[in-house]
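Here the structure is laid out as structure tokens; the discussion comes afterwards.
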Amino acid sequence: MRNPLPLVILIAISMTTSCKNNESGATPAAAIQQYTIEQFMDNTNVFGSSFSPDNRELLVTADPTGIRNAYTIPVAGGELHPVTSSTGSSIYATSFFPDDERMLLRMDDNGNELWHIYLRRADGQLQDLTPDSTARAVFYGWAHDEQSFFYGYNIRDRRFMDVYEMNIADFSSTLLYEIASGFDFGGISPDKQWMALVKAINTNDSDLYLYHFPDKELKKITENKASHSPADFTTDSQALYYLTNDDSEFTYLVRYDLAEGSREKIMARNWDIAYHYFSHNGKYQVTGINEDGKNVIMVSEVVSGKAVDFPKFENGDITAVNINREENLMSFYVGSSSSPGNLYIYDFKTGEHRQLTDNLSNAINPDNLVTAEVVRFKSFDDLDIPAIYYKPHQASPEQPVPALVWVHGGPGGQSRQQYHPLIQYLVNHGYAILAVNNRGSSGYGKSFFMMDNKNHGEDDLRDCIYGKKWLAEQNYISSDEIGIIGGSYGGFMVMRAMTHTPEEFTVGVNLFGVTNWLRTLKSIPPWWESFKDALYEEMGDPAVDSVRLYNISPVFHGDKVRHPVMVLQGSKDPRVLQVESDEMVDAMKAQGVPVEYVLFPDEGHGFVKKDNQIEAYSKILNFLEKYLAKETDLAG
């Protein structure tokens, strides 16, 4: 659960390249150019990549018009070329067809998450391949022989994403497997003999199963209670690689022999291995590691084990890679907390790389942006709490700045070292931001992850309060001007703070946050059926734990709010219903506290349209200037 926000144009102070930092390490305010939200949102968001059959183009998703659409970009370098031109619902690129210029795309209705799979023909015409308006379809991947693709579809029963195969010769579909309660798809072997399935026990633990198509046998292959998730089948269909934290704090990689049933630990680190997969013909393997809130990606030759010698980037890390079918080219993204991800091409034969996009707005001097740092602080019980910290350049003891505690989505999410335009916008305008990875966050070991089970809004909130205390101890922070902001589960934490500890934070900014757990847990989307029991196990079952869920639900305690709150919501949100925010706003207004409510009729769980993001982000800054920051803070 997550995300963000109209129109204040602050006077930009011209940049002086000759000025030097003062003794406190801060840059004088006159040297920091402040940018409008329109300038920040002039960035182009580009993500995903699929090689064309001739390897001359990449298919990507991008938003230069303000609406996400599918585009192609030449591998040799050049401009983005629009493939679709939606002015309403976003259209997302999925893949080129293996042998021709046709494409697969996906689209829902303005964020309602009822995804459909679309065929884009060579003449540009779109065809909905999964046309039932009330059903949801999810692309799972191409068959290894490239004559079909696998997808999930809940047309039989809205609770279950059954597994289908669609033949691309005539687009006929075959039902391969009816999903039962608790199961999720985990991949099909290249020879189509085996399918991996995962069954959630709770949000911490899951079992791994193999289904053998020839004899229709389903077999559980894990024994101990731990997290297990499929990674990839080997290209010869002899083994399944999977991830587990069985008898370990962190997730490691295991190879399971399909014929013998034996297993071998392949790789372990002191961080979670997030994913592992093989290139199309098995020449390379790709491993992603979640290292202290950022991706570390390794690509190596399978036979020799030799690592690919990637280029190094001064202000950025490789965040995602895709190897073409011929295994001679690789697309990848490089980004950081202060730089949007840019798309590159790497040639395995020559070792050369080429940058294809430059997504930061030309109006923004990157020197004015802030690179996050990882910090740790002690919580109430002496537990180390990690956080991603953004300190404004202009902050100093002589010019203390206001601050915000930022709370991620979830439950079980993680704030990461990646570019976020809202964060950079607020930091650029003089707000320090501490993105707290409170207990219950992923990425720091399973013990840390489990610490908030059926304790939500309690000790995890105390972690956020101790994050506020850490901020207040910094001599360049205005200690009586600290607010809290978060989206989805983070939005719940905002409202929990404003109702349960009403004097801790000066303001709260709640983006589509859960405020009534009794309703939310009963009204989760039907296609979450496989995850429902696990979610109940962590959060509580509304039929059994109603008293606790009532007590932690902010909507029933609106009379406790003492300080200004802003609420932002999308009407199409299927996870946190609009009524949640409507009722929370009404409960607070009844107390006479300042409340601002921003509602977008064409957004879901997170705001993706640039016009809406501009409105939302600028209204957040307006709100903070009105209720959090003293006039002298931003005037320099």
What would the Debye formula give as log10 I(q)/I(0) at q = 0.10 Å⁻¹ for the alpha-carbon point model of the stretch 154-251, no solvent?
-0.30
Let me have the relative contact order for the stretch 163-247, percent, based on Cα pairs under 8 Å that are six or more residues apart.
20
Can you tell me the equivalent ellipsoid semi-axes for the stretch 60-121? Use √(5λ) from the Cα gyration tensor, largest first, whole Å.
20, 16, 8
Normalised by the number of residues in the stretch 46-355, what is the relative contact order in percent for Cα pairs under 8 Å and 6+ residues apart?
7
Based on C-alpha coordinates, I'd like the Rg and Dmax of the stretch 526-592, in Å.
14.3, 42
I need the shape label for the stretch 46-355. Rule: rounded when a/c is under 1.5, else prolate if a/b > b/c, else oblate, with a, b, c from the alpha carbon gyration tensor.
oblate
Classify the stretch 354-484 as rounded, prolate or oblate, taking a ≥ b ≥ c as the square roots of the eigenvalues of its Cα gyration tensor: rounded when a/c is under 1.5, otherwise prolate if a/b is larger than b/c and oblate if not.
oblate
Computed over the stretch 228-279, Kirkwood Rh from alpha-carbon pairs, angstrom
11.1
Give me the log10 of I(q) over I(0) for the chain at q = 0.05 Å⁻¹, as the Debye formula computes it from C-alpha points; what are the numbers?
-0.22
Could you pull out the chymotrypsin sites (Phe, Trp or Tyr not before Pro) across the stretch 107-212 that fall in loop regions by DSSP (anything but H, G, I, E, B) with no more than 11 other Cβ atoms inside 10 Å?
Phe171
Report, in whole Å, the centroid distance computed from the Cα atoms of the stretch 531-592 and the stretch 169-239.
36
Place the peptides 271-279, 476-484 in order of packing, highest mean first, counting for every residue the other Cβ atoms within 10 Å and averaging per peptide.
476-484, 271-279
For the stretch 193-346, alpha-carbon Rg and Dmax in angstrom
16.8, 54
If the cut-off is 25 Å between C-alpha atoms, which lysines fall inside it for Lys306, apart from same-chain ones fewer than 8 positions away?
Lys265, Lys283, Lys294, Lys349
Counted neighbours (other Cβ, 10 Å), sorted fewest up, put Thr350, Thr84 in the order Thr350, Thr84
Between the residues Trp194, Phe139, Ile266, the Cα farthest towards the positive end of the dipole of the stretch 46-355, that dipole coming from +1 and -1 charges on the beta-carbon of Lys, Arg, Asp and Glu, is from Phe139
Relative contact order of the stretch 441-520 (C-alpha contacts under 8 Å, at least 6 apart) in percent is 24
Neighbour net charge for Asn324 - beta-carbon separation under 14 angstrom, K R +1, D E -1
-3
Apply the Kirkwood formula to the stretch 436-567: the hydrodynamic radius equals the inverse of the mean of 1/r over all pairs of different alpha-carbon atoms; give it in Å with one decimal.
15.5
Would you compute, from DSSP H runs of 4+ residues alone, the mean residue ellipticity of the chain at 222 nm, taking -39500 (n - 2.57) per run and dividing by the full residue count, rounded to the nearest 500?
-4500 deg cm²/dmol
What is the stretch 318-429 by shape, rounded, prolate or oblate, if you read a ≥ b ≥ c off the alpha carbon gyration tensor as root eigenvalues and call it rounded for a/c under 1.5, prolate for a/b larger than b/c, and oblate otherwise?
oblate
Report the percentage of all Cα-Cα pairs in the stretch 79-150 whose separation exceeds 20 Å, rounded to a whole percent.
30
Bounding extents of the stretch 479-636 in its principal axis frame from Cα atoms, largest first in Å, are 53, 34, 26
Report the equivalent ellipsoid semi-axes for the stretch 401-458 in whole Å, largest first, defined as the square roots of five times the eigenvalues of the gyration tensor built from alpha carbon atoms.
26, 12, 8
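Laboratory data are not the source of any read-out in this text; all were calculated from the coordinates shown. Since this is a predicted model, take the numbers as computed values, not measurements. For neighbour counting, all protein chains shown are included, and Cβ atoms are generated from backbone atoms with ideal geometry for every residue, glycine included.
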